[in-house]
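What follows is a short report on a single structure.
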């Protein structure tokens, strides 16, 4: 397929934001899903992060108790 087969295409500027960036990010379900700097989150997201971290710690503690 050649570019001419597609038809007219609107030019895009180099600073045009990719639509992928505009999508809502999925809510992480594990503490390992977080790799973005803390300050980029809203207060609500930070609270969710802390809740997920707390749950992960509790689950690890339960797992360690079961192993003993």
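Just so it is clear, none of the values below were taken in a lab; they were calculated from the coordinates. Please read these numbers as outputs of a predicted model, since none were measured by experiment. A quick note on method: Cβ atoms are made from the backbone with ideal geometry, for glycine too, and the neighbour counts reach across all protein chains shown.
Here 62, 67, 49 are placed in order of increasing Cβ neighbour count within 10 Å, fewest first, which gives 67, 62, 49.
The residues 52, 57, when put in order of fewest to most other Cβ atoms within 10 Å, stand as 57, 52.
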